[in-house]
Structures are given as structure tokens and as C-alpha cells.
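K.L.:
The structure that follows is given in the form of C-alpha cells.
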Amino acid sequence: MNAWWHEVWETLQAEFADIGDASQLTRITVRLLMAAILGGILGFEREHKGKAAGVRTHMLVALGAALFVLVPQLSGSQADAMSRVVQGVIAGIGFLGAGTILKNHEGDEGHVKGLTTAAGLWMTAAIGVAAGLGREATALLSTLLALGIFSVMPRIVRVFEKDHIEKDRIEKDHNDPR
């Protein structure tokens, strides 16, 4: 019976031997944590604004995308294989994003909601891919740019819309025959 347990122990060791040394463990940990944290930052911003996809969703998308590219890369996959993996991640995120898009019918014109959420999930997956491939600086910069788009652009749009509404009001008052 002792030989049987020894064989089980050796098999278990072989099954968990995919992380060979401290350097590889550190690399995997940094990449996956980076993806999860950056996804969480974008998710926090979206959740804070009351959007459907929040912290957990964005963290899981980024972490999953990172894992999908990290494992084949560490297994020695060639560039063409990695290209197919990235294509698969992009297509898969497309399905997830499609689930966040709703079309409401208000009056005669349809109103589409969720496009920014879908695009944000797509961007989060791209950030996860960058982190998983060891491009942490690119992932960080992309996150900052996406955060700027989520946070700053609505303010800029409101300023322009306010100016446009004010011009329309002035023009209407000017054309009013009273």
C-alpha cells in the first residue's frame, strides 16, 4: 500500500508542476493581479455610475482574458497560436458585450442602451490580454485612457450639449414673432 500512496503523491506533484520556480510564480502572479486590479478600477467607475457591469464583472473579464493568453504563452505557443487565442477572446467578449446591449422602443424611434458598457467590457478584455502577455505598462496606460473616457468625456459632451441647447433657445426666441 505504501508504493500506491507514493505513486499518488508523485502524480499530484506532477499535476501541480506547471509553475517551475519563484520567477515564474512571480510573473504569473503579477500579470494576473495586474489584470484583475486594472479591470476592477474600470469596474468601480462603472458601478459607481450605476451601470450594469460593475467591479466583479470587469475584474473577471480582465482576469479571464489574461489567463487565456498567459497559459499558452507560458506553454511555449508560437505567435500564430497566440493570434488564434486572442481572436477567440475577442469573439467571446463580443457575445458578452452583446448581452449588455438593449434596444428600447420609445415612441417611434428606438433607443439603444448598453453600447458603452459593451465597449468597456471589450476594452477591459484588451487590457487583460495586455497584462497577460506581460505588457503591464501598456495595460496601465490603456486603463488610464479608458478611465478618462468614462469620466471626462461625459462632462465635455454635457458642456457642448448645454451650448447647443442655449444656441437653439436663443435662435427660437429670436425667431418667435411675438
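Coordinate-derived values only; no laboratory data. Predicted model, so just to flag it, every value in this text is computed and none were measured. All Cβ positions, glycine included, derive from the backbone under ideal geometry; neighbour counts span all protein chains shown.
K.L.:
At R0 = 45 Å, how high is the FRET efficiency between Val157 and Ile19 if r is their beta carbon distance? Nearest 0.05 is fine.
P.N.:
0.45
K.L.:
Under a crude label model (7 Å from the Cα following the beta-carbon direction), how far is Ile101 from Trp122 in nanometres?
P.N.:
Modelled inter-label distance: 0.8 nm.
K.L.:
Could you calculate the contour length gain from Gln78 to His48, that is, 0.36 nm times the residue separation minus the distance between their Cα atoms, to one decimal place in nm?
P.N.:
6.7 nm
K.L.:
While we're here: Kindly express, to the nearest 10 degrees and within the range 0 to 90, the angle between helix 22-48's C-alpha long axis and the longest C-alpha principal axis of the chain.
P.N.:
The answer is roughly 20 degrees.
K.L.:
On full extension of the chain, what length is gained from Thr29 through Trp5, given 0.36 nm per residue of separation minus the C-alpha to C-alpha distance?
P.N.:
5.5 nm
K.L.:
Only Lys, Arg, Asp and Glu count, each charged at its Cβ (+1, +1, -1, -1), so figure out the dipole size of segment 5-156 about its Cα centre, rounded to 20 debye.
P.N.:
Roughly 600 debye, rounded to the nearest 20.
K.L.:
Whole number please: convex hull volume per residue of the Cα set in the chain, in Å³?
P.N.:
182
K.L.:
Along segment 148-161, what does the Karplus equation 6.51 cos²θ - 1.76 cosθ + 1.60 (θ = phi - 60°) give for ³J(HN,Hα), rounded to whole Hz, x for Gly and Pro?
P.N.:
Those phi angles translate into x, 5, 5, 8, 8, 4, x, 5, 5, 4, 4, 4, 5, 5 Hz.
K.L.:
So for the chain, averaging the separation of alpha carbon pairs under 8 Å that are six or more residues apart and normalising by length, what relative contact order in percent results?
P.N.:
It rounds to 23 percent for the chain.
K.L.:
When the Karplus curve 6.51 cos²θ - 1.76 cosθ + 1.60 is applied with θ = phi - 60°, which whole-Hz ³J(HN,Hα) does each residue of segment 88-98 get, with x for Gly and Pro?
P.N.:
Taking θ as phi minus 60°, the curve returns x, 4, 4, 5, x, 5, x, 5, 5, x, 4 Hz for segment 88-98.
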